[in-house]
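In what follows, a single structure is set out as structure tokens and then discussed.
The values are calculated or read from the model by the stated rules, or taken from the named source; none is laboratory data. This one's a predicted model, so the numbers in the text were calculated from it and none came from an experiment. Counting neighbours? That spans all protein chains shown, and the Cβs are built from the backbone with ideal geometry, glycine included. Ligands, DNA and RNA are stripped out before the accessible areas are found, and what is left, the full protein with its side chains, is counted by its heavy atoms. Shrake-Rupley method; radii C 1.70, N 1.55, O 1.52, S 1.80 Å.
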Amino acid sequence: GLVMATIRKDVLTFMPMNCAWANELMDNVHKTCLSKAPLRGWIPMKVHIVDNPDLEEAFEDRKEAMRKMGRTEDELKEEYCFLAETWKSVVSMCKYGIRCSPKRTHILGDTNVGLHLNRNYDMLLKFMTHRNFLSARCIVVLKVIPGRSKKVMPRFKGRTLLHPSKYYDSHVSMIEANPNIDIAEGLANNFIYVYQFDEKTKKPVSYPRQVV
């Protein structure tokens with residue numbers, strides 16, 4: 001089964017699946033689904049809430065900084081996004097936030113300096129079932145501020161890496177996500193690639209703070 005976690009700190013509190021908080025969370029999660037068909041495969045078995053005031057404060061500070069940079073209220077609207085992770089990774093994320101780390105594919109941008117997050121819950125579940133995930137059984141539910149998004153063409157292999165774009169905060173696919181096409185292609189189009197430039201060095205940071 002899956003463990004749903006809304007990430008904030010290092011103390012995870014178990015919440016009953018039938019409590020009001022969990023019901024509201026799952027309602028919001030399901031609103032991100034592209035398909036209206038019943039979800040198959042993985043089902044949530046446990047849900048935890050985590051409290052990290054430091055990460056929440058950094059998130060709000062980052063939103064205010066983006067507002068001062070001229071981002072519109074629409075660009076500052078929070079979205080739910082998702083990652084499939086091991087429990088060990090989840091615990092680390094709860095303490096420090098999500099760190100950019102190199103991956104085998106760099107679909108919408110260089111993974112060394114940005115985060116690929118899933119925008120559609122059903123697309124991630126479909127991919128997990130397709131690949132028969134055995135270790136990454138925890139789905140992390142994240143709040144994300146997309147900011148100013150640049151539309152780019154997904155890159156699968158053998159091409160120059162896309163770097164974070166100056167004057168933007170994220171990349172999204174030029175092609176709309178579609179649950180009825182090849183799962184790898186569909187997953188690529190569901191991603192948002194999020195990054196943050198350091199105000200002093202002008203280089204991408206390791207822990208983008210518009211994700212919590």
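When 26, 174, 123 are compared by accessible surface with a 1.4 Å probe, the order from highest to lowest is 174, 26, 123. Where is the GNM fluctuation largest for the chain (alpha-carbon springs, 10 angstrom cutoff): 91, 194, 172? Of 91, 194, 172, the most mobile in the Gaussian network model is 91.
Largest GNM mean-square fluctuation across 116, 130, 48, computed for the chain with C-alpha springs under 10 Å, falls on 130. For segment 18-110, the spread of Cα positions along the three principal axes, ordered from largest to smallest, is 42, 31, 30 Å. Accessible area per residue was computed with a 1.4 Å probe on protein heavy atoms; residue 165 scores about 10 Å². In this structure residue 202 has an accessible area near 140 Å², from a 1.4 Å probe over the protein heavy atoms.
When the C-alpha to C-alpha distance is required to be over 25 Å, the pairs from 46/103; 103/166; 157/200; 31/203 that qualify are 46/103; 157/200; 31/203.
Note on residue 131: accessible area is roughly 130 Å² with a 1.4 Å probe, heavy atoms of protein only. Largest GNM mean-square fluctuation among 109, 41, 186, using the chain with Cα springs under 10 Å: 41.
The residues of segment 84-131 have, on average, 47 Å² of accessible surface per residue, using a 1.4 Å probe with all protein chains present. Quick one: grab the alpha carbon gyration tensor of the chain, order the square roots of its eigenvalues as a ≥ b ≥ c, and give me rounded if a/c is under 1.5, else prolate or oblate depending on whether a/b is larger than b/c. Since a/c reaches 1.5 but b/c is at least a/b, the shape of the chain is classed as oblate.
Between the residues 147, 107, 55, the greatest Cα displacement towards the positive end of the dipole of segment 55-182, with unit charges on the Cβ of Lys, Arg, Asp and Glu, is found for 107.
Does segment 86-212 come out rounded, prolate or oblate, given a ≥ b ≥ c as the square roots of the eigenvalues of its C-alpha gyration tensor, rounded meaning a/c under 1.5 and, failing that, prolate meaning a/b above b/c? Since a/c reaches 1.5 but b/c is at least a/b, the shape of segment 86-212 is classed as oblate.
The simple spin-label model puts a point 7 Å past each Cα toward its Cβ; for residue 137 and residue 77 those points are separated by 3.6 nm.
Would you calculate, for the chain, the mean residue ellipticity at 222 nm contributed by helices, counting each DSSP H stretch of 4 or more residues as -39,500 (n - 2.57) and dividing by all residues, to the nearest 500?
Estimated from H runs of four or more residues: -8000 deg cm²/dmol.
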